[in-house]
Structures are given as structure tokens and as C-alpha cells.
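Here's the structure we're looking at; comments come further down.
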């Protein structure tokens with residue numbers, strides 16, 4: 001049975017009206033921004049230059065490590081900026097251009113098709129609902145929701161999870177995408193397997209990964225060294241992506257609602273649910289906002305995923321104002337440090353037996 005939400009209220013209608021008024025008054029398009037195309041060009045040049053210099057020009061180990069770090073950061077930026085907007089339809093007014101932008105994830109070894117199901121459908125629809133949001137289900141490795149089973153070793157998850165985030169990209173690239181393709185499932189959800197051009201993009205992306213990560217570098221460097229640098233780059237990507245997404249949802253000021261057992265219904269309407277389960281962070285950090293594609297404005301993104309992320313800093317005061325008017329909790333951690341501390345507190349709370357820990361006020 002699919003999770004249901006309460007009927008939309010005046011809160012959601014006013015949110016949409018106020019945002020529409022912003023675009024009308026500024027005469028700016030919600031998507032298809034020249035600034036987004038320029039930003040994409042900068043990131044793709046950054047990625048290409050880092051790759052070319054690493055493979056063909058790096059003469060010393062310390063230069064190679066610096067270039068590998070640069071390549072990993074650039075690859076993560078492709079995912080957070082170009083792919084993310086394209087996958088949501090927020091990159092352009094053209095469906096074709098959005099599809100090309102989304103397929104940039106396949107360029108760096110992921111699968112835009114599987115991502116769309118896992119992220120757009122399951123995560124965005126059922127944020128922080130255990131059993132429906134696959135992003136908070138990483139098996140017995142960690143307990144991210146009060147509804148998940150606790151194991152004794154979870155007592156230390158606030159320590160061991162940080163390095164394990166580095167394996168996120170490796171797991172996606174080499175295991176998860178193939179597992180989901182073979183099973184025809186993303187988490188518990190049965191999804192159609194890619195067909196036609198979607199399958200071509202899936203296979204082409206994996207071939208591109210093998211060629212770019214292993215075959216081409218191995219023509220110029222020892223294979224063992226190629227593998228070492230691939231792992232280093234993938235771990236860089238994984239840490240960036242893992243930490244950024246966790247700081248928006250798996251924190252101690254986000255809610256983890258539980259559907260009613262008989263009706264499978266959430267008490268709140270969808271828009272209120274998105275605000276209560278999502279947390280902004282470091283909104284005044286312009287460099288971070290640029291690099292991570294506005295993912296520090298997660299509340300605005302969850303409410304308006306089809307709007308280009310370049311608008312989020314301007315939409316944030318509007319959304320916060322409407323939330324204040326209707327008494328809807330709007331949470332934002334002021335800095336990266338406070339967001340990371342909030343994530344640590346949540347991991348510690350989820351890792352302790354309830355008899356040892358504090359009450360869990362942020363669950364319904």
C-alpha cells in the first residue's frame with residue numbers, strides 16, 4: 001500500500017502563489033538560465049582539465065594526488081549541479097536538454113535512470129519515511145531512523161560512518177546499479193528495467209567508466225596505480241555526496257514520521273511533510289551554495305524541485321516567511337559545522353538503546 005498524505009491546505013497554495021509572484025515580479029524564468037549553462041561549462045572544463053592533466057601530464061605523486069582530488073570534486077559537482085537539476089526537469093524548459101543534463105551522471109559512472117527512481121520518486125515523495133524512502137535505508141550498517149532495528153555496533157556509528165561515506169560512489173558505480181537492474185527493484189519498490197535509449201545510456205555509461213577510469217590510464221601508468229587512484233577519486237566523490245545529503249535529512253531537528261498502521265496515511269499534507277523532514281544549512285556560504293548546486297537549500301528544493309537551483313537563495317526567505325505565517329517548523333543550521341554536529345548527534349541518538357538515550361521528540 002502506497003503512503004498517502006493529508007489533503008493540501010492553504011499553506012501549500014500560498015507557497016506556490018508567493019513563488020509565482022516572485023518570478024512574475026522579477027521576470028526571471030524558473031529554468032533555462034544562461035547562468036546555469038555558464039556554470040555547467042565551468043564544471044565540465046574543470047572535470048576535463050583535471051582528468052587530462054592527471055592521466056597525461058602529472059609528473060610527481062603530489063601533483064597527481066592534487067589532480068585526483070580536483071577530479072573527484074569536479075565529478076561530484078557534475079552530479080550535484082548539472083545532473084541533479086536535469087533529472088528533476090529544473091535545468092531547462094526542453095525535455096531533451098534536461099535528459100542530456102541528467103545523463104551527465106552516466107558520464108561519471110552512475111546511472112541517471114536508477115537515480116531518477118531512487119531519488120526523484122522514492123526519496124522526494126516519501127522523505128524520511130522508513131520503508132518508503134530508500135535513501136535512509138542502508139541495511140544493518142547503520143540506523144538512520146527510529147523505526148529501524150538497532151544493533152549493538154550502532155553505538156559507534158557516529159564514528160565509523162564518516163569514512164564509510166567514501167564508499168558511496170564505489171557502491172553505486174560497481175554494485176548497486178547492476179543489482180537494481182537485475183532485480184528490477186530500487187529498495188523494496190519494483191521499477192521497470194531500462195529499455196531502448198535508456199538501456200543504451202545505462203550500458204554506455206558503464207563502458208565509459210571502464211574506459212576513462214581503467215583502460216585509458218592503464219596505457220600510460222601501471223595498472224595497480226590506476227586502481228589506487230580510481231579508489232581515491234571515488235572515495236572523494238562518495239564523501240562529498242554522502243555528507244551533503246545526510247546533513248539535510250539525517251539530523252536531530254528533522255522529523256521521521258510514521259504512517260498510520262491502518263490507513264498508511266501521514267498526518268500532514270505533503271508540503272508540510274517536506275518542510276518538517278528537511279533542513280537547510282549554511283545558507284550564507286555563497287561558495288558552498290555554488291559548488292553543491294544549492295543542496296544546502298534542501299527545503300526549497302524539495303518543495304520546488306523543477307526550479308533551477310540558482311533561484312533557491314532568493315526563494316528561501318519567501319518559503320521561511322510562509323512557514324512562519326502558518327506555524328510550520330522551518331529549520332536551518334547556520335553553518336556546515338553546526339549541520340555536521342547535528343548529524344553526529346542524530347547518529348549517536350540512533351545508536352544508543354532508548355533506555356540510555358534521550359526521548360525522540362522529532363518522530364510522529
All-pairs alpha carbon distance profile, the chain, 20 Å steps from 0, percent: 28, 59, 13, 0
Does region 248-364 come out rounded, prolate or oblate by the C-alpha gyration tensor, with a ≥ b ≥ c the root eigenvalues, rounded set by a/c under 1.5 and, if not, prolate when a/b is larger than b/c and oblate if not? oblate
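Quick one: compute the contact order of region 23-158, relative version, from alpha carbon pairs under 8 angstrom and 6+ residues apart, as a percent.
Details: 125 pairs, mean separation 20.0, N = 136.
In percent, rounded to a whole number, it is 15.
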Could you give the alpha-carbon Rg of region 88-150 over 2.2 N^0.38 Å, rounded to two decimals? 1.38
Going by alpha carbons, how many degrees (0 to 90, nearest 10) lie between the helix axis of 61-77 and the longest principal axis of the chain? 40
Apply the Debye scattering formula to region 154-276, with a single equal point scatterer on each alpha-carbon and no solvent, then give log10 I(q)/I(0) at q = 0.10, 0.21, 0.22 Å⁻¹. -0.52, -1.23, -1.25
Output the 0 to 90 degree angle, nearest 10, between the alpha-carbon long axis of helix 10-26 and the longest principal axis computed from the alpha carbons of the chain. 50
Proxy reagent accessibility, fewest Cβ within 10 Å first, across 307, 201: 201, 307
Given an 8 Å cut-off on Cα distances and at least 6 residues of separation, report the relative contact order of region 4-351 as a percent. 25
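When a footprinting reagent is the concern and you count Cβ atoms within 10 Å, what order do 91, 22, 51 take, fewest first?
Values: 91 29, 22 16, 51 21.
Final ranking by Cβ density, sparse to dense: 22, 51, 91.
Could you give the length gained on full extension between residue 4 and residue 121, defined as 0.36 nm per residue of separation minus the Cα-Cα distance, in nm?
40.7 nm
If neighbour count is taken as other Cβ atoms inside 10 Å, put 224, 162 in order from fewest to most. Could you put the intermediate results ahead of the total?
Working: 224 9, 162 17.
Ordered from fewest to most neighbouring Cβ atoms within 10 Å, 224, 162 come out as 224, 162.
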Among 248-256, 71-79, 285-293, 150-158, what's the highest-first ranking by average C-beta atoms within 10 angstrom per residue? 71-79, 248-256, 285-293, 150-158
How far apart, in nm, are two points set 7 Å out from the Cα along the Cα-to-Cβ line at residue 267 and at residue 93? 4.3
Please give the Cα centre distance for region 266-333 versus region 219-262, rounded to the nearest Å. 21
How tilted is helix 34-56 with respect to the longest principal axis of the chain? Cα atoms for both, answer in degrees (0 to 90, nearest 10). 40
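Values in this text are rule-based calculations from the coordinates and carry no lab data. In this text, all values refer to a predicted model and were calculated from it rather than measured experimentally. Virtual Cβ from ideal backbone geometry, glycine too; neighbours counted across all protein chains shown.
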